[in-house]
Amino acid sequence: MILRLLSAVFLAWAFGFVWFFATLPAPAGDIKTDAVIVPTGAAGRIQRGLEVLDNGWADRMLVSGVDLEVRPDEFAAEFGVSRRRMNCCVELGFAAVDTRGNAEEIAKWVEKRGISSIRLVTSDWHMRRVAGELSRTLPSTVTVVPDAVRTEPNFGVLLLEYHKLVVSRLTALIQS
């Protein structure tokens, strides 16, 4: 009996992992939202967020989870953002240190500004977990458009992120 239960758990885990890496989220098209949200992390995220602004698909951008030592001028210089663009449209959030913290920082920012739709820009392998955390912190009236940055993650990254996703979902189930 115990062997069957363990086998069933292993099969569920294995099929879940195959689903996770075989169906990584994709970039969004030219959908317009009120804002673009970029949790810091892997390469390509901030550039994609700025591309969204440049294309007029969002009017403002929050970069969540920025290191406390980063200054706006340094950020602007590193990513080629004009002073005008920084002043009008790009905000740096310094409150988050992890994915759950990103969700909390984003939810407060969205509420304070009365935003009703966001484009979430993050790595394809990170999208499901951050979107899940956001679904628990944002009001149901806020539309979230996933916009995944394509990556080529190695097996270790995928395995670690899959386990983090499983833990995140189990934690959500236990807390509800």
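Miscellaneous remarks
- The set of residues from the stretch 134-165 being of a type in the set (Ser, Thr, Tyr) and open to solvent by 70 Å² or more (accessible area, probe 1.4 Å) comprises SER135, SER140, THR141, THR143.
- Of the strands (runs of 3 or more DSSP E) lying entirely inside the stretch 77-176, not one contains at least 1 residues that are aromatic (Phe, Trp, Tyr) and in contact with a helix residue (DSSP H, G or I) (Cβ under 6 Å, 6 or more places away or on another chain).
- Residue match in the stretch 30-40 (condition: of a type outside the set (Gly, Ala, Ser), in contact (Cβ under 8 Å) with a residue 12 or more places away in the chain, part of a helix (DSSP H, G or I) and surrounded by 15 or more Cβ atoms within 10 Å (Cβ to Cβ)): no
- Residue in the stretch 2-19 that is over 18 Å from LEU120 (Cβ atoms), open to solvent by less than 60 Å² (accessible area, probe 1.4 Å) and touching a residue at least 40 places away in the same chain (Cβ under 8 Å) present: yes
- The stretch 96-133: number of residues that are at pLDDT below 95, among the hydrophobic types (A, V, I, L, M, F, W, C) and open to solvent by 20 Å² or more (accessible area, probe 1.4 Å): 1
- Meets criteria (surrounded by fewer than 19 Cβ atoms within 10 Å (Cβ to Cβ), acidic (Asp, Glu) and farther than 21 Å from ALA22 by Cα) for GLU78: yes
- Test: residue in the stretch 51-62 that is in contact with a Pro (Cβ under 8 Å, 6 or more places away or on another chain) and either at pLDDT below 95 or over 22 Å from GLY114 (Cβ atoms) (or both): no
The values are calculated or read from the model by the stated rules, or taken from the named source; none is laboratory data. Note that this is a predicted model, so its numbers are computed, not measured. Glycine also receives a Cβ, built like all others from the backbone with ideal geometry; neighbour counts cover every protein chain displayed. These area figures cover heavy atoms from the full protein model, side chains too; ligands, DNA and RNA do not enter into them. Shrake-Rupley method; radii C 1.70, N 1.55, O 1.52, S 1.80 Å.
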